[in-house]
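Enquirer: Quick one: the structure is below, and I'll ask about it shortly.
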Amino acid sequence: MSQTKKAYHRFGFVERMEHFFMLLSFTLLAITGLPQKYPDNALSRFVLVGLGGVENTRSVHHISAIVLIALSIFHIFYVAYKVLVLRRRLTMLPSFSDVRDFIQQVAYNLGLSKTRPAMDRYNFGEKIEYWAVVWGTVIMAITGYMLWNPIATTRVLPGEMIPAAKAAHGAEAVLAVLSILTWHFYHVHLKYFNRSMFTGKLSRHEMEEEHMGELQRIQAGQERPLPPPPTLWKRTRLFLPVAGLLAALFLIFTYRFFTVEQTAITTLPPRQVVDAYSPRAKPPLPTATPGAQLSGAALPRVLPLEAARIPPQIRSHPLDEARSDCQLCHQPYSMVAPAPLDHLDLENAGCTRCHTLSEEVAKP
């Protein structure tokens, strides 16, 4: 294979899987989080409806957060394994050489320098993005915990911290999404399509462009080899029990994190709409009261039409000695069986002029 077509190992299987789950969880968090921050947006409403409502959207958001936190815990132990067992260098730590490389890169882009900086395994741009992810994950985890468990939070902190956490959580989410769509998308997909997170390898040209310092070290044979198998096994036996105990503590804490309370801030179910009673056919009007019974000085305000509409069950009310005082129950505004407002001036003696048990009035 010629030197120009030679590929250099960049990432192993574990790193590629970390990137895949990071991509998956971050994308789901963005898709389910931003519609909750901007619910009035048309695209947000489309996402919320497509996911089956805000409760389902929150569930997907929470599951994605669990995946992200679990991935962060795994990453901590994996970095510890590479440093303590494999004795790899902490190449992602910032250094003064990054400042020098940045200045030289700006000078090269402006035509003030003829050579590119010989950057190491991770250049200053990749370090900035990595530590931005670390910082953003910490902020999102803390504020997400506060929003997920507001009652437990306000037992320790003032209540004003909940809206503050909501503002910080949403602002950091917007910043993270914009960073991915601009910085990361440009440097990894537009500037040139970096396939190393899928293939695990980087071409010689890409190494010369972005990681010339590491390429020079590889060609000079200065890369630190893996420790001998006996040494590797001895270190692994010491590392695994300690890492396993700490991982168990992290998992217990994480489980407690997600189950500390049944939050009171939940979405109320939609109110049930019950149709009012509506008969299939309109009931017939009652038989009109004879005109002779509508006359008399005691009923000056009763019109024939109103008297004709007196329901049969009221007209057939039994009149006896115990119910001679009609106005005990049938005063206008009464809570029992109120009379019409045009009966305000009537007395008990006038009630029987329309409400009788006569054969003509009492029949249904």
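Enquirer: Mind listing whichever residues of region 94-106 are open to solvent by 80 Å² or more (accessible area, probe 1.4 Å) and either without any contact (Cβ under 8 Å) to a residue 12 or more places away in the chain or among the β-branched types (Val, Ile, Thr) (or both)? Let's see the steps before the verdict.
Expert: Going through region 94-106, the residues open to solvent by 80 Å² or more (accessible area, probe 1.4 Å) turn out to be 94, 96, 99-100, 102-103.
Of everything in region 94-106, those that are open to solvent by 80 Å² or more (accessible area, probe 1.4 Å) and either without any contact (Cβ under 8 Å) to a residue 12 or more places away in the chain or among the β-branched types (Val, Ile, Thr) (or both) turn out to be Phe96, Val99, Ile103.
Enquirer: Take Ala176 and tell me if it is assigned to a helix (DSSP H, G or I), within 24 Å of His189 (Cα to Cα), touching a residue at least 40 places away in the same chain (Cβ under 8 Å) and open to solvent by less than 40 Å² (accessible area, probe 1.4 Å). Spell out how you get there, then give the answer.
Expert: Working: assigned to a helix (DSSP H, G or I): yes; within 24 Å of His189 (Cα to Cα): yes; touching a residue at least 40 places away in the same chain (Cβ under 8 Å): yes; open to solvent by less than 40 Å² (accessible area, probe 1.4 Å): yes.
Judged against the criteria, Ala176 is a match.
Okay, residues lined up against (1) among the hydroxyl-bearing types (Ser, Thr, Tyr); (2) open to solvent by less than 40 Å² (accessible area, probe 1.4 Å); (3) under 19 Å from Phe26 (Cβ atoms):
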{"residue": "Tyr108", "(1), (2), (3)": "yes, no, no"}
{"residue": "Ser113", "(1), (2), (3)": "yes, yes, no"}
{"residue": "Val134", "(1), (2), (3)": "no, no, yes"}
{"residue": "Ile162", "(1), (2), (3)": "no, yes, no"}
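Enquirer: Run down Gly12, Gly50 and say which single residue is out of contact with any Gly (no Cβ under 8 Å at 6 or more places or on another chain) and of a type in the set (Gly, Ala, Ser).
Expert: That would be Gly50, the only listed residue that is out of contact with any Gly (no Cβ under 8 Å at 6 or more places or on another chain) and of a type in the set (Gly, Ala, Ser).
Enquirer: Could I ask something else about it? Scanning region 80-91 for residues that are at pLDDT 90 or above and either of a type in the set (Ser, Thr, Tyr) or under 36 Å from the mean Cα position of the chain (by Cα) (or both), which turns out least open to solvent (accessible area, probe 1.4 Å)?
Expert: Among residues in region 80-91 that are at pLDDT 90 or above and either of a type in the set (Ser, Thr, Tyr) or under 36 Å from the mean Cα position of the chain (by Cα) (or both), the one least open to solvent (accessible area, probe 1.4 Å) is Ala80.
Enquirer: Next question, about the same structure. Only one residue in Ile139, Ile128 is assigned to a helix (DSSP H, G or I) and either touching a Leu at 6+ places or on another chain (Cβ under 6 Å) or open to solvent by 50 Å² or more (accessible area, probe 1.4 Å) (or both), so which one is that? I'd like the intermediate steps shown before the answer.
Expert: Values: Ile139 fails: either touching a Leu at 6+ places or on another chain (Cβ under 6 Å) or open to solvent by 50 Å² or more (accessible area, probe 1.4 Å) (or both).
When all the criteria are applied, what remains is Ile128.
Enquirer: With the structure loaded, tell me whether His187 is more than 25 Å from Arg88 (Cβ to Cβ) and in a helix (DSSP H, G or I) or whether it fails that test.
Expert: Numbers: more than 25 Å from Arg88 (Cβ to Cβ): no; in a helix (DSSP H, G or I): yes.
Criteria not met by His187.
Enquirer: Let me ask something else about it. Just the residues that are within 41 Å of the chain's Cα centre (by Cα) and either assigned to a loop (DSSP other than H, G, I, E, B) or of a type in the set (A, V, I, L, M, F, W, C) (or both), please, taken from region 107-125.
Expert: Kept after step one, since they are within 41 Å of the chain's Cα centre (by Cα), are these residues of region 107-125: 119-125.
Within region 107-125, Met119, Asp120, Arg121, Tyr122, Asn123, Phe124 qualify.
Enquirer: Say whether the condition of being under 21 Å from Thr91 (Cβ atoms) and basic (Lys, Arg) is met by at least one residue in region 231-238.
Expert: Keep residues of region 231-238 that are under 21 Å from Thr91 (Cβ atoms), which gives 232, 235.
The next check asks that each one be basic (Lys, Arg); those that pass are 235.
Yes - at least one qualifying residue is present in region 231-238.
Enquirer: Among the residues of region 10-31, are any over 30 Å from Glu210 (Cβ atoms) and part of a helix (DSSP H, G or I)? First the steps, then the outcome.
Expert: Our first condition is that a residue be over 30 Å from Glu210 (Cβ atoms); within region 10-31, this holds for 31.
In the following step, the residues that additionally are part of a helix (DSSP H, G or I) were identified as 31.
Within region 10-31, one or more residues are over 30 Å from Glu210 (Cβ atoms) and part of a helix (DSSP H, G or I).
Enquirer: Oh, and also: Output the number of the condition that Phe198 fails; it satisfies all remaining conditions of (1) part of a loop (DSSP other than H, G, I, E, B); (2) open to solvent by 90 Å² or more (accessible area, probe 1.4 Å).
Expert: (1)
Enquirer: Let me ask something else about it. Which pairs do you get when a residue that is within 13 Å of Gly244 (Cβ to Cβ), found in region 71-87, comes within reach of a residue that is open to solvent by less than 40 Å² (accessible area, probe 1.4 Å), reach meaning Cβ atoms under 6 angstrom, with the pair 6+ apart or on two chains?
Expert: The qualifying pairs are Phe77/Ala243.
Enquirer: Output the qualifying pairs, or none if there are none: Cβ atoms under 7 angstrom, residues six or more apart or on different chains, first residue in region 340-359 and over 14 Å from Leu328 (Cα atoms) and outside any helix (DSSP H, G or I), second residue of a type in the set (S, T, N, Q) and modelled with pLDDT of 70 or more.
Expert: none
Enquirer: In addition: Within region 246-262, is there a residue that is over 20 Å from Tyr81 (Cβ atoms), open to solvent by less than 80 Å² (accessible area, probe 1.4 Å), out of contact with any His (no Cβ under 6 Å at 6 or more places or on another chain) and in a loop (DSSP other than H, G, I, E, B)? Walk me through it before giving the result.
Expert: Filtering region 246-262 down to residues over 20 Å from Tyr81 (Cβ atoms) leaves 252-253, 255-262.
Still in the list and also open to solvent by less than 80 Å² (accessible area, probe 1.4 Å): 257-261.
Okay, now just the ones that are also out of contact with any His (no Cβ under 6 Å at 6 or more places or on another chain), so 257-261.
With in a loop (DSSP other than H, G, I, E, B) added as a condition, the list becomes 260-261.
Within region 246-262, one or more residues are over 20 Å from Tyr81 (Cβ atoms), open to solvent by less than 80 Å² (accessible area, probe 1.4 Å), out of contact with any His (no Cβ under 6 Å at 6 or more places or on another chain) and in a loop (DSSP other than H, G, I, E, B).
The values are calculated or read from the model by the stated rules, or taken from the named source; none is laboratory data. Bear in mind the structure is a predicted one, so any value in this text is a computation, not a measurement. Here the Cβ is made from the backbone with ideal geometry for all residues, glycine too, and neighbour counts use every protein chain on show. Just the protein is used for accessible areas: all its heavy atoms, side chains included, with ligands, DNA and RNA removed. Shrake-Rupley method; radii C 1.70, N 1.55, O 1.52, S 1.80 Å.
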